[in-house]
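Please read the structure below before turning to the comments.
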Amino acid sequence: MTDPTQDPRFLQDPYPTYAAMRSTCPVQPLPTGSGGHAGYLVTGYAEAREALGDARLSKDTAAFFADKGSGRRLHPAVAHSMLASDPPQHSRLRKLVTGAFTTGAVAALRPFIDRVTNDLLDQWPAGEQVDLVADLAVPLPVIVICELLGVPEADRTDVQRWSGELFAAGRPDLIDAASHAMADYMSGLIAAKRVRPGDSLLDRLISARDGDDHLSEEELVSLAVLLLVAGHETTTNFLGNAVLALLQHPHELDRLRKNLDDVPAALDELLRFDSPVGTATFRFTTEALHLGGTEIPGGTPVLVSLGAANRDPQRFPSPDQLDLNRHTAAHLSFGHGIHRCVGAPLARAEAEIALRATLARFPGIRLAVPPDQLDWRRTRLVRGLVSLPVRT
């Protein structure tokens, strides 16, 4: 038996596979070709929410792989990031960056986000074909997070490339190399900012203290890399997925286009319908536990599928239907519990501004290719389009 999520058809549309797995059991082992299993996959909503909040599921990746001899050479700044840590270390690091993504802090960024969005849309030729991913969904959040962190404009293309390579499924060599390139770049940028300080978020992290405790150099580089990558990956995938969902549901698109003030309220259903993060980052059991009718041994990887949980009919009736009137604030696309995405307010603001501007300026926007010809990113971790050809 093989892992059903490795089927090429899964990338195009994972939800039938998830539904079939969930109907059998919401928590089940993922088989390997050798007859064993690589861990457990959670596809039910209640079970996913429980798992995301269970302290017996650790995110300390370094501890899990310490004696496994994987042969990987991820840079420590990536391998030991805030995402791969547990309290109290996680709590300490998260507190240092939370202030940059509060409602007030994001509100102050909105004029800049609006200006960048419209500058990008100004380059779209009316009535022609454009790639919404390459021409809006990628550059918008990259520019915003780089501006926030103080990354020079000349370096942003490299940052974007390294970030994409960190999600190159089946290419551990490329992932490892990208982790070193990104970390080495951030180390150099931090050194430059120590010589010539500015007022960016990265400058504030350099001088950040937690009581009497400075960030270590590795922690500082790790936070910088994490913010760069997480600060645009989610928004890029969210924006592409949301526009595609609307184009495939013309009644909902028309309703939204007629009242653009409804865009903020529509974001949760768009997030639920096609989550930009398909599977939450790595967790493992620190002891045996019972989840969704399944006994999971200690020391076992557990993959929580946020996309599958958001399509669980036990929580969201008719889950495969996009319904912008649906109340879906409880979706799990940004996670749940202490590891919930700290940058969610920024991602929402970017998506809201971009969707509103795109629909206002290009009311006739439509798909330029059949949906089955769209190319999806080849990874189970994130759910996003390689490109989205549309006609304006």
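Taking amide H atoms as placed 1.01 Å from N in the peptide plane, the amide H of residue 376 lies under 5 Å from those of 386, each 5 or more residues away in sequence or on another chain. Neighbours of residue 153 by Cβ distance under 14 Å: Lys/Arg scored +1, Asp/Glu scored -1, total -3.
Could you work out the percent of alpha carbon pairs in segment 204-345 separated by over 27 Å, rounded to a whole number? Intermediate values should be presented prior to the final figure.
Details: 3835 of 10011 pairs.
Cα-Cα pairs in segment 204-345 separated by more than 27 Å: 38 percent.
Looking only at the chain, where both bridge partners belong to it, what percent of the DSSP beta bridges are antiparallel (to the nearest 5)? Counting only bridges with both partners in the chain, antiparallel ones make up about 90 percent.
Ignoring aspartates and glutamates fewer than eight residues from residue 95 along the same chain, the ones with Cα atoms less than 20 angstrom from its Cα are 60, 86, 199, 203, 210, 212, 213, 217, 218, 219.
Highest mobility in the GNM of the chain, judged by mean-square fluctuation with C-alpha springs under 10 Å and restricted to 327, 290, 336, is found for 290. Here the Gaussian network model covers the chain, with springs between Cα atoms less than 10 Å apart; of 111, 88, 301, 88 fluctuates the most.
Taking a ≥ b ≥ c as the square roots of the eigenvalues of the Cα gyration tensor of segment 353-392, is the shape rounded (a/c under 1.5), prolate (a/b larger than b/c) or oblate? Provide the component values of the computation, followed by the final result.
On the way: a/c = 4.30, a/b = 1.60, b/c = 2.69.
Judged from the Cα gyration tensor, segment 353-392 comes out oblate (a/c at least 1.5, b/c at or above a/b).
The magnitude of the dipole of segment 285-389, with charges of +1 and -1 set on the Cβ of Lys/Arg and Asp/Glu and taken from the Cα centre, is near 380 debye. In the chain, a dipole from Cβ-located charges (positive for Lys and Arg, negative for Asp and Glu) runs towards its positive end, and of 317, 270, 146 it is 317 whose Cα lies farthest in that direction. The distance linking segment 62-121 with segment 300-359 is 19 Å (Cα centroid to Cα centroid, whole angstrom). Membrane-span-like helices of the chain, defined as complete DSSP H segments with a Cα extent of 20 Å or more along the helix axis and a mean Kyte hydropathy of at least 1.0, are identified as 217-247.
Around the amide H of residue 302, modelled in the peptide plane, lie the amide H atoms of 40, 283, 284, 285, all under 5 Å away and 5 or more residues distant in sequence or on another chain. With a 10 Å cut-off between alpha carbons and a GNM built on the chain, which of 261, 135, 323 moves the most? Ranking 261, 135, 323 by mean-square fluctuation puts 261 first.
Counting each DSSP H run of 4 or more residues in the chain as -39500 (n - 2.57), what helix-only mean residue ellipticity at 222 nm follows after dividing by all residues, to the nearest 500 deg cm²/dmol? Can you show the working numbers first?
On the way: 16 runs with 185 residues, N = 392.
Rounded to the nearest 500, it is -14500 deg cm²/dmol.
None of the figures in this text is laboratory data; all of them are computed from the coordinates on show. Just so it is clear, the structure is predicted and the values come from calculations on it, not from any experiment. So basically every Cβ, Gly included, is an ideal-geometry build from the backbone, and we count neighbours across all protein chains shown.
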